[in-house]
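What follows is a single structure, written as structure tokens, with notes after it.
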Amino acid sequence: MQTSEIGYNSKVEGDVVLTTVDAALSWFRANSVWPMPMGLACCAIELMAVGASRFDISRFGSEVMRFSPRQADCMIVAGTVTYKSAGFLKRIYDQMPEPKWVIAMGACASTGGMYRSYAVLQGVDNVVPVDVYVGGCPPRPEALLDALMKLQKKISQQPVLQNITALHLLDKKEEVAA
Ligand code: SF4
């Protein structure tokens, strides 16, 4: 009987996959980004839409929105960052474990947007390092998904083992110097 080639077939696909540990770890990392939703204004509504069934962020492995910084690795800043909120935003970012990333969602988070006022920070990159900027006021949910895919590409190009080895060597050097 002829077997279908649609779907997984171990005879067609083979039982062995060759890769490097670094490539595998980067792939795991890139496809399990857990966001820390930092909804500060209207852009947060679009951020919520991304989690709903129509856009379904879980297709990208990022549906686990954590409201605890210790369980999140990607801060999504959605909305206007005032000087008053910049302080706690930075504190939450500092509490997130390494490695961590930031997406600035919308004109306000990226540049201050239309608010050239004494109360508004002119871009969240004044307090935290931003990996991907999303334009628009507000950006559509698809734009955020596009940013997430760009971040995934960036993460998958970052070596994991090399960085761990470099950190380990740095620790050793500091131990010797102390
Ligand atoms: S970019 Fe537009 S939609 Fe987003 S927070 Fe600013 S004013 Fe609101």
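Values quoted throughout were computed directly from the atomic coordinates according to the rules given, and no laboratory measurement underlies them. Computed from a predicted structure; not experimentally measured. Methodologically, a virtual Cβ is constructed for each residue, glycine included, from the backbone with ideal geometry; neighbour enumeration extends over all protein chains shown.
Rounded to the nearest 20, the Cβ-based charge dipole of region 19-173 about its Cα centre (Lys and Arg +1, Asp and Glu -1) stands at 220 debye.
With contacts defined as alpha carbon pairs under 8 Å and 6 or more residues apart, what's the relative contact order of the chain in percent? List each step's numbers first, then the result.
Working: 274 pairs, mean separation 40.3, N = 178.
Reported as a whole number, the value is 23 percent.
Under 5 Å from the amide H of TRP101 lie the amide H atoms of CYS74, MET75, each residue being 5 or more positions distant or on a separate chain, with H modelled from the backbone and absent for Pro and chain starts. In the elastic network of the chain, a GNM with C-alpha springs shorter than 10 Å, the most mobile of GLN162, GLN122, GLN71 is GLN162. Rounded to the nearest 10 degrees, what's the angle between the helix 141-156 long axis and the longest principal axis of the chain, both from Cα atoms, 0 to 90? On a 0 to 90 degree scale, this one is about 60. Pairwise Cα distances in region 67-171 exceed 21 Å for 41 percent of all pairs.
The amide H of THR82, built 1.01 Å from its N in the peptide plane, has LEU121 as neighbours under 5 Å, considering only residues 5 or more places off or on other chains.
Full extension from GLN122 to SER32: what is 0.36 nm times the residue separation minus their Cα-Cα distance, to one decimal in nm? Display every interim value, and only then the final one.
Values: separation 90, 0.36 × 90 = 32.40 nm, distance 3.05 nm.
Here the answer is 29.3 nm.
Put a dot 7 Å past the Cα of LEU18, heading toward its Cβ, do the same for GLN162, and the two dots end up 2.1 nm apart. Pairs of lysine residues in the chain that meet both criteria, 8 or more places apart or on different chains and Cα atoms under 28 Å apart, total 10. For the chain, the Cα-based Rg and Dmax, in that order, read 19.9, 75 Å. Put a dot 7 Å past the Cα of TYR83, heading toward its Cβ, do the same for CYS42, and the two dots end up 2.5 nm apart. Estimated purely from DSSP H runs of n ≥ 4, each contributing -39500 (n - 2.57), the mean residue ellipticity at 222 nm for the chain is -12500 deg cm²/dmol once divided by its residues.
LYS172 to GLU98: FRET efficiency via 1/(1 + (r/R0)^6), r the Cβ-Cβ distance, R0 25 Å, to the nearest 0.05?
Computed FRET efficiency for LYS172 and GLU98: 0.85.
For region 44-60, backbone phi angles converted through the Karplus equation (6.51, -1.76, 1.60; θ = phi - 60°) give residue-by-residue couplings of 5, 5, 5, 4, 5, 4, 4, x, 7, 5, 5, 9, 6, 4, 5, 5, 10 Hz, Gly and Pro being listed as x.
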